[in-house]
Amino acid sequence: MSRMRVSARTDERQPLYLQIQEHFKQLIQLCAMEENDKLPTEKQLMEQFGVSRMTVSNALTQLAKDGWIYRIPGRGSFVSPESRTKVEDESLDYNQLDAIDVKEQDERASSRKMIGFVLPLLEDFFAIRLLKGINSVLENKNYYVSIVLTHNSKEREKEAIQELIKNGAIGLIIFPIDAETYNEEILVLKLRKFPFVLIDRYLPGFDTHCVCSDNWMSAQLAVNHLWEQGHRDIAICSDISIHTVTVDERIRGYMEALKQKGSMINPALIVTDFQVTDTIPIEKHPLYHYLKYRTATAFITLNLKLGLILTSLVKKLGMNIPRDLSIITYDNPSSELDGNPTFTHIDQHEQEIGAKSAELLLKLLNNQESVKEPTKVIVKSALVLGESTGELLVKK
């Protein structure tokens, strides 16, 4: 368990290699990565951040030089045991220490109450933005956040909930795993009337407090944009089961947008529930034949990782984005330190989702009458134009 601390320092012109360094510093500061944890490979980082090998190498070299990581030739890069000392050093604000008595700080810290945050993974800016939103609400309150990663495991999610409550959490914010059914432990929380808020998705037939994005409408935004650019063969894909509520809503929004335009729904362009690994040969990839035979002229990927994988496949096949294929992905693969976005993407306003979930949980903890009944908060998404979509040049 660990207290959350998210740096608010930004530099809109910060070079890409510095952004990669900041990304891993934040993960270490959040205790999402601990000493001796292995970092992704250089190839994976190149795909994740959309940068060259030299940029990744420069970032890792500087992190190692500064003592955040250590590198073993042939094995990879790992979080350094020395990084904990660096986190402690960087967390000190000497101007504040001059103004506030140290004893008073200790008393305030010991009186703060724990809120648990359960989430599947902390591997991209989506999760970082959620955390920043939660922190923006709680940082000046009498609470701190303990984070537990479930690694998308139903059993680990159950253990995480039990673990946090056992260790003194008085409320929970839960980002459920990708699954067709909800975790029974969440039902137990409701029966016990334990304060909790679900984030990013709700559970069908099971009324709870939740904060999520408007998945149905956001998919329509994506279809409408591609349609205006002349695309008619628009594929939508997800490596998560179609029965997961988030995926289901987005696909229904996609279908509704096409129906409104009088277009027939082509089931072959709805590609879901497949597995993607780093070791799978390109010719055996589930999306390979869609790209090779130009089955679709545009893709909507329902998560960021899949958008990056699709982009890598397109390049390996010698195709060009957006000349040969347009791509819209959910969520922004870049940090807010970037300038213009590379991807046209659906911005779910994750920071707002995080903030509203924390606000709702505080109301529950304060027993406010306005949240006696299950409350569902919907945060509107927006389409952000980038360089991955363009007008269809050749009609099929």
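The values are calculated or read from the model by the stated rules, or taken from the named source; none is laboratory data. In this text, all values refer to a predicted model and were calculated from it rather than measured experimentally. Positions of Cβ are generated from backbone atoms using ideal geometry, with glycine treated the same way; all protein chains shown enter the neighbour counts. All accessible areas refer to the heavy atoms of the entire protein, side chains included, with ligands and DNA or RNA removed. Shrake-Rupley method; radii C 1.70, N 1.55, O 1.52, S 1.80 Å.
If you go through region 344-373 and pick out every residue that is touching a helix residue (DSSP H, G or I) at 6+ places or on another chain (Cβ under 9 Å) and modelled with pLDDT under 90, you end up with 3. Taking region 304-335 as the range and being charged (D, E, K, R) and under 23 Å from Val247 (Cα atoms) as the test, the residues that pass are Lys305, Asp331.
Restricting attention to region 325-343 and to residues that are closer than 18 Å to Asp214 by Cβ and in a loop (DSSP other than H, G, I, E, B), the residue that is modelled with the lowest pLDDT turns out to be Asn332. Looking only at residues of region 239-262 that are at pLDDT below 95 and of a type in the set (Ser, Thr, Tyr), we find that the one that is surrounded by the fewest Cβ atoms within 10 Å (Cβ to Cβ) is Ser241.
If you take the residues in region 196-215 that are at pLDDT 95 or above and over 17 Å from the mean Cα position of the chain (by Cα), which one is surrounded by the most Cβ atoms within 10 Å (Cβ to Cβ)? In this case the residue turns out to be Phe196. When Leu16, Leu63, Leu30, Leu119 are checked against the criterion of being closer than 30 Å to Glu157 by Cβ, at pLDDT 75 or above and within 27 Å of the chain's Cα centre (by Cα), a single residue qualifies: Leu119. Taking first residues from region 55-84 that are farther than 19 Å from Gln29 by Cα and hydrophobic (A, V, I, L, M, F, W, C) and partners that are open to solvent by less than 40 Å² (accessible area, probe 1.4 Å) and at pLDDT 85 or above, the Cβ contacts under 6 Å between residues at least 6 apart in sequence or on separate chains come to Val56/Leu45.
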